[in-house]
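**Student:** This structure is in structure tokens; I'll ask about it shortly.
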Amino acid sequence: MASSPSVSRRGFMVGAAGLTFGVAACLPHSVGVAQAAVPSKQAVLSPWVTLSTDGTVSIVSPAAEMGQGSFTSLPLIIAEDLDADWAKVRVVVAPPDDKLYANPNFGYMYTASSNAVLAYYTPLRRFGAQVRRVLLDNAARHWNVPVAELTTAPNVVIHEKSGRRLDYGAIAAFAVVPEKAPEVKEEELKPSSQFRLIGKDVMRIDMPHKVNGTAQYSIDVQTPGMLYGAILRAPVEGAAPDQVNDAKAHAIAGIVKIVRLPYGVGVIAKTSWAAFAGKKALEVTWTRDGKAWGFDSDKGSEDYAAAARNPQVPVQTWVTQGDVPQALQNAATVLEADYGCGFMYHGQMEPLNAVASVSPKGDKVEIWVGVQSKTIAVTVAADALGIAPDKVVLHDMLMGGGFGRRGHRDEEFVHDAVVLSNAVKKPVKMMWTREDDVRNGRFYPLSAHYLRGGLDASGKLVALHHRKACDQVTAFQDPVRYQQIKGRDTIAFANLDMKWYAIPNRLAEGVPQDNGVRSSTLRGVANLSNAFATESFIDELARKGGIDPAAFRRSLVADSPRSLALIDAVTRMSQWDRKRTDTALGIGFENYSNTLIAEVAEVSVDRRTGAIRVHDIWVAIDPGIAVQPDSVLAQTEGSVVWGLGFALSEHISIKDGVVQQVNFSDYHVPRMNEIPEIHIELIATEVHPSGVGQMAMPLVAPVIGNAVAALTGVRLRQAPMTRDRVLAALKA
Amino acid sequence: MAISFKVNGRAVDVNAPPDTPLLWVLREELKLPGTKFGCGVGQCGACMVHVDGDRTFSCQAPVAAVAHRSVTTIEGLSAHSDHPVQKAWLAERVPQCGYCQSGQIMSAAALLKDHPHPTRAQIVEYMSTNICRCGTYPRIVRAIERAARES
Ligand code: FES
Ligand code: FES
């Protein structure tokens, strides 16, 4: 793990004096501290907190906002231990600076893996407490009383004995900030019984701007003299333009310049509509460089399934515990099964885009973009021009969805904008159309899963073997991290073994594949395909042993009261024991990075069309302390909707290396008329918060599949469980 | 030849080629970026506006088609973000990334104009033109029900 800002005492003060805060360009009313506080005097108390004499508390938010609410919840954590009055807090966008604001789990500014709150929670609480201590010390000196006699209420220091009160803003006028941040021990943090903010919903800062059109995404930016750019990218990674005929494109009114790039052809025009038309009019043939040419995803699924079953294939061992071969030999019953998952597309609502403005000499650039990692964006822009990172000015914008797509190490859409702007030395808004976004997609990887399980005579699960063949992901999306993790591709292979279940013998193996198709992390990450395979398989094992699937899972988590509570909650919510006639229920359980989830789906199946209808989904979720409970619910609802798409309809196919889908017309994301009733019970146990951004997603497919099996006796082994596949399985 | 129409009550003349989709004219020439580009093919509803009061995919309407007509965008739905749908949207905390929400709100406002008290089934059918990738659908339903109740 990278050095955490919490342990760096320098982190408290370094740069504080000359600190320039970013302006929240994305939110017109949440301006940067400089504007907000003028004309009152300010005391910069730390790189995180600046106090103005009018009582305004400006707090830096280090996370990127893509709808998950971290832009609000992280500063709220500081405000809690600082005892700031939330009504007086201004949230300030953190500038790109890994030394001060890095995500402690990654070592750089990166908002992903649903871990913003998880990773920053304790450091931010401590920063808040340190600033509060500085205020207390100042007040103690001012009144000449022992600091131990002082307490705080929101935005005010109180000396009970004398009845005196000192507003935080008043302290800003004379505050002396120590060289070294005061020590605050974990046990000195505010006890949760005294929380005023954590656990109580506040209005998300970005939300009012999202109902009146004022929220600013990079696609909305307009600068004086700005041109518009589009890029026809090679259909296959690694291919290059061969023959380019741009005569027809040049004939279109408004075209300014057409530039040949190593990986495509760029069109710059006076309007976006002209740029898109120019791109469409290009006639380009491509070299056959690039590994994915010739790849077919249907064939790939079969090949991966064969690899997963082939004992001769070299494997990476991810988990080994006990002696699986032996335990399987001794087992009363052995079951084996295959599962598979397809490519999935992010489909974030805002197609990828960025605005760049390269200086006339090409030695400086300003960029406007929403990204999951600002520091990567700065590096990408600097590298595209061969200039130093400090020559890059980043304007951080809201993201119209991230889901893993806006945080790759190359953030290629930033690169696209910079090279186009550099070609004309003018500001250019580079936009991908939806068709570009699909065709240039970086997909959730194809996988095949081979599972074996052994039950003893009493029906107890004694051995589990899971072998997964899957595209490499980290090698493509983040070669830097791939080096650091020494080829252990956690994005593809983490959590294969259901460690939350008490299974004495377990073996989890990965069989990395490389077909040359662009791959990516995506909401749900490895757990998504893993849970489809393992939670379906657990169901098969329960049925094989003649045990109720809920009871079977209960027996596997018997030592975890939190887990049992969730399974009990979800069976109660769904009336698990009530008999249904035309519908059936399926259950699943998971521990996703310490967030516990149990889900039940109720489904029916149209045997004529093969359509699965999901009527209800019940979710019980325990993410530890819920910093913003309503955000937990919102993220859980969204995760269920995503899970539904993965389970039933979302499918990218590849032929000769080329993506076959075009737009939302043939890539089917869930719409309102496909959404079940979603019922959520939040059980927030008082332990360190874990993540919530994707945790409910992976169980959706297996609980649907388990319900279909309960209803029809037929097991669906391939996600998405499309009508064709359901019909084929019913006939078989 | 300039094309004249009204946007949010204001008369405008635009010089874009007549086949340019209204969406791009609104966003670029008229600097009203609240109306969003999601798919460009009438599949997602991010670009939804009202033309003479009827909801319209602005990515599918050539600007020539709105000549002498009246267009309302999210920026013109209300003066102070206080249309009942906008108020309900905040009360139910609908938006996540927010990118689809202009279109959702414009659709919802059109629905309530025609059906002040829609059934749940009517809401679901009408709103299925609009994709929300973040999955805010359950809240959209609740917000429309609230707006119908409170307006
Ligand atoms: S942008 Fe018009 S429907 Fe998608
Ligand atoms: S709120 Fe993100 S797409 Fe709807």
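Just so it is clear, none of the values below were taken in a lab; they were calculated from the coordinates. These numbers were taken from a predicted model, which means no experiment stands behind them. Quick reminder, even Gly has a Cβ in these numbers, built from the backbone with ideal geometry, and neighbours come from all protein chains shown.
**Student:** Take every Cα-Cα distance within segment B:2-76, group them into 5 Å bins from 0 onward, and report for each bin the whole-number percent of pairs it holds.
**Tutor:** 3, 19, 33, 30, 12, 2
**Student:** Extent of segment A:546-640 along each principal axis, from alpha carbon coordinates, in Å, largest to smallest?
**Tutor:** Reported extents, whole Å, longest axis first: 46, 32, 20.
**Student:** Okay, next question. Using only C-alpha atoms and all pairs of different ones, pull out the Kirkwood radius for segment B:84-150 in Å with one decimal.
**Tutor:** Answer for segment B:84-150: a Kirkwood hydrodynamic radius of 11.4 Å.
**Student:** Under the Kirkwood approximation applied to all pairs of distinct alpha-carbon atoms, what is the hydrodynamic radius of segment A:440-564 in Å?
**Tutor:** About 15.7 Å, per the Kirkwood formula over Cα pairs.
**Student:** Which values of log₁₀ I(q)/I(0), to two decimal places, follow from the Debye formula for segment B:2-151 at q = 0.15 Å⁻¹ with a uniform point scatterer at every Cα?
**Tutor:** Scattering profile of segment B:2-151, log10 relative to I(0): -0.71.
**Student:** Per DSSP helix of 4 or more residues, -39500 (n - 2.57); summed, then divided by the residues of chain A. What does that give at 222 nm, rounded to the nearest 500?
**Tutor:** Roughly -9000 deg cm²/dmol at 222 nm, from the helical runs in chain A.
**Student:** If you don't mind, another one. Which value in nm describes the separation of the simple spin-label points at A:K161 and A:K731, placed 7 Å from the Cα toward the beta carbon?
**Tutor:** Taking the two extended label points, one gets 8.8 nm.
**Student:** On to the next question. So how far apart, in nm, are the two label points at B:R120 and A:Q575 if each is 7 Å from Cα heading toward Cβ?
**Tutor:** A separation of 1.5 nm, rounded to one decimal place.
**Student:** Further, regarding this structure: Please figure out what share of the DSSP beta bridges in chain A is antiparallel and state it in percent, rounded to the nearest 5.
**Tutor:** Taking every DSSP beta bridge within chain A, about 70 percent pair in antiparallel fashion.
**Student:** So, in nm, how far is label A:H688 from label A:A388 when the simple model puts each one 7 Å beyond its Cα toward the Cβ?
**Tutor:** Rounded to a tenth, the inter-label distance reads 3.8 nm.
**Student:** Please enumerate, by chain and number, the lysines with C-alpha under 16 Å from the C-alpha of A:K655, excluding those fewer than 8 residues away in the same chain.
**Tutor:** A:K291, A:K299
**Student:** Moving to a separate point now. If you line up the Cα atoms of segment A:325-439 on their principal axes, what length do they span on each, largest first, in Å?
**Tutor:** 76, 30, 23 Å, listed from the longest principal axis down.
**Student:** Sequence neighbours fewer than 8 away in the same chain don't count; with that in mind, list the aspartates and glutamates whose C-alpha is under 18 Å from A:K425.
**Tutor:** Candidates past the 8-residue exclusion: A:D363, A:E366, A:D383, A:D416.
**Student:** Quick one: helix B:137-150 against the long Cα principal axis of chain B, what's the angle to the nearest 10°, folded into 0 to 90?
**Tutor:** Helix B:137-150 sits at roughly 90 degrees to that axis.
**Student:** Once all Cα-Cα distances of the protein assembly as shown are split into 20 Å bins that start at 0, what whole-number percent is in each one?
**Tutor:** Values per bin, smallest distances first: 15, 45, 34, 6, 0.
**Student:** Which lysines have a Cα less than 30 Å from the Cα of A:K180, not counting those fewer than 8 places away in the same chain?
**Tutor:** Cross-link targets: A:K41, A:K88, A:K99, A:K161, A:K190, A:K374.
**Student:** Right, next: Grab every C-alpha pair in segment A:631-732, bin the distances at 10 angstrom width from 0 up to the longest one, and report whole percents.
**Tutor:** All Cα pairs, binned at 10 Å, distribute as 13, 37, 32, 15, 3, 0 percent.
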